[in-house]
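A.B. asks: Have a look at this one.
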Amino acid sequence: MRSKRYLCLGALLLLMMTSRSPLQSRPQTPAAGISDPHRAMLTTYCFTCHNERAKLGGLALDGLNLQNPAENAQIWEKTLRKLRGRLMPPPGNPQPPQKDIDSFTAWMENSLDANAKGPKAAFVPIHRMNRTEYAASVKALVGVDVNEKEVLPQDIQVGGFDNNAAALGISPAFLEQYVTAARQISKIAVGNPLRLASVTYNVALTQQSEAPLPPGTRGGMRFKHQFPADGEYRITVLDLNLGLYTSVVENESTLVLMIDGKVVFRKPIGGFEDQTLVDKKGAVGRSEIMSRFAKIPVQLEAGVHDMVVAFVDRSHVESDENVGAGFRGIGDLGFGAATNRMPRLANGIEIAGPYNTTGVSKTTSRDLIFVCDPKTAGEPACARKIAENLARRAFRRPVTAEDVNRLMPFYELGRERNGSFDLGIEQVVMAVLASPEFLYRGIRSADTEVALSDLELASRLSFMLWNAGPDEELLQLAASGGLTKPGVPSSLDKQVTRMMADPKASSLVTSFAVKWLNIADLEAVKPDPGLFPQFDEPLRRDFSTEARQFLSSILLEDRSVLDLLNADYTFLNQRLAVHYGISGVYGPQFRKVTLTAKERWGLLGKGAVLLRTSYGDRTSPVLRGAWVLEKLMGTPPSPPPPNVATSLDQKAGEKPKTVRARLEQHREQRVCMQCHGVIDPSGLPLESFDAIGRWRTNDRQAENAVIDARSVLPNGIAIDGPVEFRSQLASRPAVFAEALTEKLMTYALNRELEYFDMPQVRAVVRAAVKDNYRFSSIVRGIVNTEAFRKQGVPPKDKP
């Protein structure tokens, strides 16, 4: 057992990563004698196991030169991260006082930063766009909304992000999907009045979007549809839940079809006449009713239109007499859920057309593509101008005559075969979208570090902030060599300010923030309906909407990133407010709400975080503690050793215990205490929230035991509950700011960070202090690092 324990300790140290430190006040590089107290701490707490003789985990610290730590920067960066997270020395071993750790880490980081050696940038290989970048780039280039999940497979995630260059290779199957997507997108973008087609929108998939239904409606769906030409379209409601029984049509409801906010169709369903019809004719009667909602004709111009199909909401009871007494509807009487007694969209909507077309009017897509009129400029000259414009924007650089020459045969073939200028241009669009110049991103490299060209820098910046290539202003500036011109503020800083104010910067929330915080995939947790009957898919979507709007309000409105921990507001609709126990919020629309209960402040009170760090049948202080350590402190814990039991499931026949009690029993094993002694203290203060984010004082799964949210953090500070825990996290602002900066830099560079990147990360955070850690200050700091503005040396091929 003793040998196994030391092997585990060694493995933990072998996995050490970099740390965080308070960066606001840091001493200057110390003289030789000043390192003595730091060596004393290492001698007392580290050298016993990690010396040249014992060398546990293959690590010896006693022989390293403390007068010049930069000689062994990689080892010290790993050591710093473990010390900052109190992951070493392992719990159960003698621990240094927090002030000694703070003093050592501040001194060591300052020494490493002041004497940094080695590379300033790492090599980023050529790579394809990931599928979200592809969709955003297509939207910017030709104005077509692409559902990337339907077009391309899931990208591999590295460190939580799906834009890591090393993971973005391509296969023949991928290439075929890109070509197929290019063919479909080009048809939609150009439009074709002669092409008749039908599209079906599934109600279940459409309702997964966060687009709210208009106030005063219920049970519907909302989506955007691209209409290819001017003309008549016929819309069919496929199913209104008219089953075998007449209860659905017992009362009258009204179905409405709205396009761009205007009601274009309104018709009742249900009531005495419809109920009689179904009662007498059965299936034939139901078909007669559904025929009212089939092939509804509407005249529309080409382009994207906002579509809503829903029911006008009405009172579901004749009086509120029983509602006030807790009566929840007819389901309480044993006749099924009340919603089964009203018509609802059960399948989806079909849109067919165009019929009787009158041509293709101006659309956003056609404005982006047709930059000239073939009737005035001449078809060949206009086609060439269109090809040049598309290629320049798609390839993210000025194009040559040879580039355009390679595209013109596609136009000529399409024009010859189809007899139409538009269909010739459609082939050009397809060729551009399938070109490697569009699909791939690459930076030139050499045998030494090289500065990015203005065009390469523009591309890296735009993909960081917008998830897509440069717009016209940025591209022209880069092409003229003006992006790197010095000035106060610099051209680059001015572009950062402009681009962060653009709506496209919302990708910093959808592609960066939610993935950094691991709340992009809330579907991964499926609460047990027997234990949590209150949870449903609309509530899951509300969690996501709240989190995204909260993140947007801080990152996109350029607040201090510390507000992510401390903000006293959130965004709620009525359903989510009721779930949180907050009164005075009515209606399905989300709005900003000031929180009086401090337990809900910041990220720690958000349903998305609390759900994602739980299991389907219970809370998990382990998941929540690990989430805090990794996401908010930047000190991820080590994975459990192999062959160690990790299940905390309640054993059959055993008296129900709280999760806390089960963890205490688990930690009695020393091999488990080494990890859980660090992880659990950061998860237990959140036990006042259940697995679906509700506040609780008792655990109903453990015989109504009183919740104990007390904890003693690894630094020895005792806390009770999420409010005190959040205060402790906020008391060390540089720790959180550095954790965020490191992740944002990882995202921006399309690679994992190396030990030699850490001095630059810390420099960004130190510079942001004067702006109270505003998000824009961190972004500008990253953009001005050598890691961002240079390409590293490619690895040498192994012989």
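A.B. asks: Under 13 Å Cα-Cα from residue 655, which aspartates and glutamates qualify once same-chain neighbours fewer than 8 residues away are excluded?
C.D. replies: Within reach: 703.
A.B. asks: Which percent of the accessible heavy-atom area of segment 652-710 goes to carbon and sulfur, probe 1.4 angstrom?
C.D. replies: Answer for segment 652-710 is 48 percent, counting heavy atoms of protein chains only.
A.B. asks: While we're looking at this one, here's another question. Modelling each spin label as a point 7 Å along the Cα-to-Cβ direction, I'd like the residue 306/residue 569 distance in nm, to one decimal.
C.D. replies: Calculated label separation equals 2.2 nm.
A.B. asks: Could you list which residues have their amide H under 5 Å from that of residue 265, counting only those 5 or more apart in sequence or on another chain, with H placed in the peptide plane?
C.D. replies: Correct list: 257.
A.B. asks: Give me the aspartates and glutamates in straight-line cross-link reach of residue 485: C-alpha distance below 18 Å, same-chain residues under 8 apart excluded.
C.D. replies: 454, 456, 473, 493, 786
A.B. asks: Can I ask one more? On the Cα set of segment 508-582, report Rg and Dmax in Å, please.
C.D. replies: Expressed in Å, the Cα Rg and Dmax of segment 508-582 come to 13.6, 43.
A.B. asks: Using a/c under 1.5 as the rounded threshold, could you call segment 344-399 rounded, prolate or oblate? The axes a ≥ b ≥ c are square roots of the C-alpha gyration tensor eigenvalues, and prolate needs a/b larger than b/c, oblate otherwise.
C.D. replies: oblate
A.B. asks: Considering only protein heavy atoms and a probe of 1.4 Å, how much of the accessible area of segment 408-510 is carbon and sulfur, as a whole percent?
C.D. replies: Its accessible area is 54 percent carbon and sulfur atoms.
A.B. asks: Let me ask something else. What full-extension length gain, to one decimal in nm, is calculated for residue 52 and residue 364 as 0.36 nm per residue of separation minus the Cα-Cα distance?
C.D. replies: Net length gain for the segment: 105.5 nm.
A.B. asks: Cut-off under 17 Å on the C-alpha distance; same-chain residues fewer than 8 positions from residue 651 excluded. Which lysines are left, in chain and number order?
C.D. replies: none
A.B. asks: While we're on this one: Tell me the carbon and sulfur percent of the accessible area for segment 569-608, rounded to whole percent, probe radius 1.4 Å.
C.D. replies: Here carbon and sulfur together make up 55 percent of the probe-accessible area.
A.B. asks: Okay, next question. How would 752, 724 line up by accessible area, probe 1.4 Å, largest first?
C.D. replies: 752, 724
A.B. asks: If I model segment 150-267 as equal point scatterers sitting on the Cα atoms and use the Debye formula, what is log10 I(q)/I(0) at q = 0.12, 0.17 Å⁻¹?
C.D. replies: Log10 of I(q)/I(0), two decimals: -0.74, -1.10.
A.B. asks: Quick one: if the Förster radius is 60 Å, what FRET efficiency do residue 184 and residue 700 give, using the C-beta to C-beta distance and rounding to 0.05?
C.D. replies: 0.75
A.B. asks: Mind pulling the per residue volume of the convex hull built on the Cα atoms of the chain? Å³ is fine.
C.D. replies: 205 Å³
A.B. asks: At 10 °C and 1.306 mPa s, what whole-number value in µm²/s does Stokes-Einstein give for the translational diffusion of segment 175-219, with Rh from the Kirkwood sum over Cα pairs?
C.D. replies: 114 µm²/s
A.B. asks: How much length would be gained if the chain were fully extended between residue 501 and residue 708, taking 0.36 nm per residue of separation minus their Cα-Cα distance, in nm to one decimal?
C.D. replies: Length gained between residue 501 and residue 708: 70.1 nm.
A.B. asks: Let me ask something additional. If you count only protein heavy atoms and use a 1.4 Å probe, how large is the accessible surface of residue 313, to the nearest 10 Å²?
C.D. replies: 70 Å²
A.B. asks: Given 494/631; 149/224; 82/743; 139/375, which pairs have Cα atoms separated by over 25 Å?
C.D. replies: 494/631; 139/375
A.B. asks: Fully extended, how many nm does the chain gain between residue 241 and residue 372 (0.36 nm per residue separation, minus their Cα-Cα distance)?
C.D. replies: Taking 0.36 nm per residue and subtracting the Cα distance, the gain is 42.1 nm.
A.B. asks: Collect residues whose amide H, placed 1.01 Å from N in the peptide plane, falls under 5 Å from the amide H of residue 304; neighbours closer than 5 in sequence don't count.
C.D. replies: For residue 304, whose amide H was placed from the backbone, the distant partners under 5 Å are 227, 364.
A.B. asks: Moving on. On the full set of protein chains, 1.4 Å probe, figure out the accessible area of residue 78 and give it in Å² to the nearest 10.
C.D. replies: Answer for residue 78: close to 80 Å² accessible.
A.B. asks: Another question about this same structure. Could you compute how much accessible surface residue 372 exposes when probed at 1.4 Å, giving the result in Å² to the nearest 10?
C.D. replies: We get 20 Å² for residue 372.
A.B. asks: Which whole-number percentage describes the relative contact order of the chain, with Cα contacts under 8 Å and a sequence gap of 6 or more?
C.D. replies: 16 percent
A.B. asks: Using a basic spin-label model with each label point 7 Å from the Cα along Cα→Cβ, how many nm lie between residue 655 and residue 283?
C.D. replies: 6.1 nm
A.B. asks: While we're looking at this one, here's another question. How large is the accessible surface per residue of the chain, computed with a 1.4 Å probe and reported in Å² as a whole number?
C.D. replies: 45 Å²
A.B. asks: How would you classify segment 341-495 from its alpha-carbon gyration tensor, with a ≥ b ≥ c the square roots of the eigenvalues: rounded for a/c under 1.5, else prolate if a/b is greater than b/c, otherwise oblate?
C.D. replies: oblate
The values are calculated or read from the model by the stated rules, or taken from the named source; none is laboratory data. Every value quoted in this text rests on a predicted model; they were computed, and no experiment measured them. All Cβ positions, glycine included, derive from the backbone under ideal geometry; neighbour counts span all protein chains shown. Surface accessibility is based on the protein's heavy atoms, side chains included, excluding ligands, DNA and RNA. Shrake-Rupley method; radii C 1.70, N 1.55, O 1.52, S 1.80 Å.
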